[in-house]
Every structure is written in C-alpha cells, then in structure tokens.
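Report on one structure; see the data block that follows.
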Amino acid sequence: MSRILTGIQSSGRPHLANLLGAIIPSIKLSKQNNNESFFFIADLHALTSIKDPKVRQQNTEAVAAAWIAMGFDTQNNFLYRQSRIPIVNELSWYLSCLAPYPMLANAHSFKEKSSKLSDVSVGLFTYPVLMASDILLYDAEFVPVGKDQKQHLEIVRDLATTFNNQFGDTLVVPEAIIDETVMTVPGTDGQKMSKSYNNTIDIFLPEKDLKKQVMSIVTDSKQLKDPKDPETDNVYALYKLVASKEQSEAMHQKYLAGNFGYGHAKNELFSVLIERFKRERELFNRLMSDPEHIEKTLIEGESKASAIAHKVINRVRNRLGLA
C-alpha cells in the first residue's frame, strides 16, 4: 500500500483547472492499487493571501464539497483541514531551523513576488517549510505535483534528508508523482487559468452564471463564415479537455469548414460542461446547503489524520531531545 498526499489552498472556490489538474487525477489515483490517500485543505497557506475569516471559511467548505462531489471516498481515506492539526506548525518550526536562507530565497513562491518585498510576508517566505511539514507529518510516500511545484517538493526532500542525516532516520523522504499528460488549462483570457488572473471557470455556478463565464472567453475577430484554426482558439482548447474524443474531432471539423462561429463553439462548450458535471454540480450544491455535513466529515477525517500525525511528531521530538 502506498501513502499519497496532496493539498489545495482555500484561497477560492475550486475552478475547472483545479478539477482537471489536481482533484480528478488525485481521486483517480486514490482508487488504484489499494492506495491510502491524504487530501487536505491548506487553510493556513491561504492566510498568505486571504485575510477575511468568513471568505476563508466559505472557501474551505467549497473545497471540501468539491472533493466529495467529485467522488473522493472519505471513509477509506483522509480529508481534513491543515489548521485543525496544529502540530503541523510545530514540525514546521523544527524544519525551519534546518532550512538555509538561500534555499527559501530561491523558491518560486518567494521569487515571483520578491520584486516588491513590502508585499512579501514571512509566511510567504517560509511557505515551502510549512509545505514540507504538511507532507512529512503524515509519512507520505508519494506527492502528486504539477511541474511548477516540483521545486517545492525537492525542498521537502532536502529538508527530510537533512533531518535524517543529522538526527537519525526519522522522516519518510517522499517521491513526486508528475503526470506529464496533464496540460495547462487556459483561462477565459488565454493565460493559465488562475484565481490571481481572474480568468477562471467555476463549473459549480448556477447555469446562468456559468454560461456568462463561458461566453466571456476571448477569441479572435474572424467572421462566422470564415474557416478557423481550432489549435489557436481558447474555446477549443478548453473543449477538448472536457469533451469526448469523438466530440472534439467533430468540433475540429466544424472550425475548419467555416460557417461555425465562436458563439456556437461557446454554446457547445457550455453544454458539455453541464452534461459532464451534472451529477457533481447537484451534489456540490446539496453539500454547500448542508455545512453541518461538511463539518462532520472533516472532523472525522481530522481525528484519523491526527492519530498518525502525533506518532510522527513524537518520533521527531525524541530525536531532538524534546520528548
């Protein structure tokens, strides 16, 4: 049995790129080969960007609802809030005492914002150390990460190895799982879909609002009658990520034939989103109207995860002479 861990920040409601790039692949992985999966909501990491407690709470509920709606088995795995197992901060401090300054100064999470240091909090600077604690506290063996997060996992491995070399074999050194087939999901403006770019598609919105987002996708100015290149179009790029192979091929031919406008393409994308995620949309909205059920599910997951975390932290304390 392999232990797999992944987390998503509660910095907003999960959007289409979160589903396609992280949530769906991770749930699929959790169902294979008797894997044991730890999926957590990174509400402490979200503090670096979201200061409003009510917004962060709503986001946390939405992330939990998305995991459950997309089919994550919470009975046989672990779904929990990062903050509800506070010894993650204790381990983070121990690891921070081993983390060299240049390592953190070169981390993507810091360098992306280092041009304006007045906007960089200590929390953002030490983000990779807390991420290491998130992983090492649960003896995770494998961590699914995107290519842009590979560096952060290398930091995790370096810190675990440093600890083991200095204090004895204590922490599991995790391996990265990088799915090379996962594509970058474009946003409505053609850039990488991201909350920070305000270009996301939220498939859990009411139909009217979801359609408004789809219809806002940026396209070129070709006329209805003109043939179009599907490979350079944002609508088609999204369509082929959510439609079947047969549907994608049919849409491809419509682009090339002409007399097929971008409005038609957007309507077909909207229809596919509604069709593909019909059950998940219904379950998500049902869960969001029942926060008590979400809370109960998270508390159960946190109880299970806490038992494992305490075993690991006790090993660490013993090695450090702090038991």
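The values are calculated or read from the model by the stated rules, or taken from the named source; none is laboratory data. Because the structure is predicted, anything quoted here is derived from the model rather than measured. Note that each Cβ is placed from the backbone with ideal geometry, even for glycine, and that neighbours are counted across all protein chains shown.
Of all residues in the range 240-281, those being within 22 Å of the chain's Cα centre (by Cα) and of a type in the set (Lys, Arg) number 5. A count restricted to the range 220-263 and to residues that are free of Cβ contacts under 8 Å to residues at least 24 places away in the same chain, in a helix (DSSP H, G or I) and loosely packed, with under 15 Cβ neighbours inside 10 Å stands at 7.
Among the residues of the range 95-113, those identified as in contact with a Leu (Cβ under 8 Å, 6 or more places away or on another chain), outside any helix (DSSP H, G or I) and modelled with pLDDT of 95 or more are Leu98, Ala99. Scanning the range 132-186 for residues that are in contact with a Gly (Cβ under 9 Å, 6 or more places away or on another chain), part of a helix (DSSP H, G or I) and within 30 Å of Val242 (Cα to Cα) turns up nothing. Residues in the range 151-197 that are among the aromatic types (Phe, Trp, Tyr) and out of contact with any Leu (no Cβ under 6 Å at 6 or more places or on another chain): Phe167, Tyr197.
Would you please name the residue that is surrounded by the fewest Cβ atoms within 10 Å (Cβ to Cβ), looking only at residues in the range 66-94 that are among the aromatic types (Phe, Trp, Tyr) and either at pLDDT below 95 or in a helix (DSSP H, G or I) (or both)? Among residues in the range 66-94 that are among the aromatic types (Phe, Trp, Tyr) and either at pLDDT below 95 or in a helix (DSSP H, G or I) (or both), the one surrounded by the fewest Cβ atoms within 10 Å (Cβ to Cβ) is Trp93. Among the residues of the range 309-323, how many are surrounded by fewer than 18 Cβ atoms within 10 Å (Cβ to Cβ) and of a type in the set (A, V, I, L, M)? Residues meeting the conditions: 3.
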